[in-house]
Amino acid sequence: MTKVNNTTNKINARNVSLNILTDIFNDKAYTNIAIDRCFSHNEMNKQDRAFITRIVEGTVEHVITIDYIINKFSKTKTRKMKKIILYILRLSVYQIKYMDKVPVSAVCNEAVKLTKKRKFNNLSGFVNGILRNISRNLNDIQYPNEIDEPVKYLSVVYSFPEYIIDLWLEYYDYDTVKEMCINSNKTVKTSIRCNLTKVSNTDLQNQLIDENVHVEEGKLLEYAMKIDNYNNIRSLQPFIEGKFSVQDESSMLVAHLAQPEGNSLVVDVCAAPGGKTTHFAELMKNTGCVDSRDIYPKKLHLIDENVKRLQLNNVTIREYNALETDKSLIEKADIVVADVPCSGLGIISKKPDIKYNIEKKDIEQLIEIQRNILKVVYKYVKIGGILMFSTCTVNPEENIQNVRWFIDNFPFELVDFNDILPDRIGSDTKGYIQLLPGQYDTDGFFIAKLRRIAK
Ligand SMILES: C[S@@+](CC[C@H](N)C(=O)[O-])C[C@H]1O[C@@H](n2cnc3c(N)ncnc32)[C@H](O)[C@@H]1O
């Protein structure tokens with residue numbers, strides 16, 4: 001775990017960033033978890049936190065581009081470098097290329113100091129030379145040619161592994177894939193859902209503004225907002241008082257399109273951390289029951305925390321493996337929500353690690369799990385009831401192809417929901433929708449609404 005030497009009060013933000021990046025690159029730690037872990041164990045001020053977060057997230061997000069640049073200027077290629085030297089170069093190149101306000105001389109001097117601090121005095125000249133060379137020639141670097149090598153071009157310029165570009169190009173045209181790459185690299189504002197059981201939209205907005213939070217209207221739903229300019233969301237008073245949840249608007253569409261009635265039984269089979277569970281519970285205005293399940297006990301605490309904070313009293317929480325049939329639920333549910341584990345290729349802007357960690361074989365395994373979950377949980381839907389199937393990916397094999405397979409094998413039909421889609425979304429599909437990352441200022445997301453038509 002990353003621990004800062006706190007013998008003096010002043011921390012060295014670049015050294016801390018280097019420690020966190022070492023955890024991420026050496027041990028495949030998740031970026032947000034590695035950062036949170038470091039912050040929770042070390043006291044530091046708001047500026048240092050912001051600087052460290054920016055360097056770490058940015059370096060991870062752009063690492064393929066950064067390595068390409070380093071390799072253009074170094075005889076020793078990145079794969080042969082000592083790891084710690086490579087990481088020092090990576091975080092320094094990130095600052096040179098993407099952080100206008102940081103002077104190049106400061107970046108180079110600090111990189112040299114870090115190199116010496118890690119006892120590689122003999123390599124400090126090498127590090128200094130490469131960084132100064134890169135900074136002098138940054139605007140003249142030759143990237144792969146977009147026409148001759150389109151896959152390599154997208155991979156290097158937008159820092160995506162080539163196999164993800166290839167996978168997307170199987171299903172989407174080049175311009176769409178390019179757009180997905182660009183949007184997946186954008187920083188997005190936090191999307192929140194107003195808890196209408198506790199507060200009106202306007203009152204929540206005013207309370208947030210009172211805390212100096214910058215608030216914009218949601219892009220799709222009237223009870224959604226986009227916020228920024230806050231330090232720690234958990235310490236905002238309206239959050240503590242359960243007046244809102246953090247949830248992307250694409251994900252809010254699941255409950256919105258399901259249109260649950262009061263007193264319904266909703267079974268959410270893959271529920272943690274409870275974004276959709278609590279949304280259903282709110283739309284049902286504390287009536288009926290949301291039976292909220294997940295396989296991981298640790299994650300059930302997150303649902304519990306959210307339900308308590310939002311003061312919802314129509315949710316039951318249970319540890320349950322969605323791959324095993326619960327006989328007590330057969331044909332009982334008005335709505336089953338299957339928000340299944342997926343490759344997450346729609347939420348790279350929030351979790352950049354996904355693009356480097358997911359492999360083809362993982363996707364094949366996920367499809368099998370998704371189908372196996374559907375094979376079990378469809379049984380809980382009463383005849384005439386609804387199954388909401390969703391993922392946060394843009395990979396058709398996990399989305400529409402699963403839905404087609406499901407309809408071919410089980411007594412369900414797609415339910416057209418175009419009349420209740422937010423006005424901004426124009427859809428030419430019926431009963432399902434694929435949102436691409438950034439297309440409507442949301443994550444990439446897939447939703448299908450299916451009705452059970454027979455036993
Ligand atoms: C996409 S996330 C769900 C997000 C959640 N619906 C929300 O809106 O906050 C998928 C969830 O499925 C859970 N999961 C994975 N395999 C499962 C299984 N066999 N049974 C139940 N839950 C499972 C994971 O723990 C994870 O929390």
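Numerical summary
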read-out	value
Subset tally (residues that are at pLDDT 85 or above and buried (at least 17 other Cβ atoms within 10 Å of the Cβ)) for segment 38-48	3
Filtered residues of segment 284-299 (kept if more than 7 Å from the ligand (Cβ to nearest atom) and surrounded by 22 or more Cβ atoms within 10 Å (Cβ to Cβ))	M284, V290, D291, S292
Single match in T391, T325 (criterion: without any contact (Cβ under 8 Å) to a residue 60 or more places away in the chain, hydroxyl-bearing (S, T, Y), within 29 Å of L196 (Cβ to Cβ) and not assigned by TED's automatic domain parsing to the domain that holds L167)	T391
Helices (runs of 4 or more DSSP H) lying entirely in segment 31-77 (those with 2 or more residues that are of a type in the set (F, W, Y) and in contact (Cβ under 8 Å) with a residue 60 or more places away in the chain)	63-73
Some residue of segment 265-278 being in a helix (DSSP H, G or I), more than 9 Å from the ligand (Cβ to nearest atom) and more than 22 Å from the chain's Cα centre (by Cα)	no
Residue check for T316: more than 10 Å from the ligand (Cβ to nearest atom), farther than 25 Å from T393 by Cβ and assigned to a strand (DSSP E or B)	yes
Residue match in segment 242-260 (condition: away from the ligand (no atom under 16 Å from the Cβ) and either part of a strand (DSSP E or B) or among the aromatic types (F, W, Y) (or both))	no
Cβ pairs under 7 Å, 6+ apart, first in segment 265-283 and among the hydroxyl-bearing types (S, T, Y), second near the ligand (Cβ under 6 Å from one of its atoms)	T277/A271
Selection from segment 323-342 of residues that are surrounded by 23 or more Cβ atoms within 10 Å (Cβ to Cβ) and part of a loop (DSSP other than H, G, I, E, B)	V340, C342
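The values are calculated or read from the model by the stated rules, or taken from the named source; none is laboratory data. Treat the numbers as computed from the prediction; the structure is a model and nothing was measured. So basically every Cβ, Gly included, is an ideal-geometry build from the backbone, and we count neighbours across all protein chains shown.
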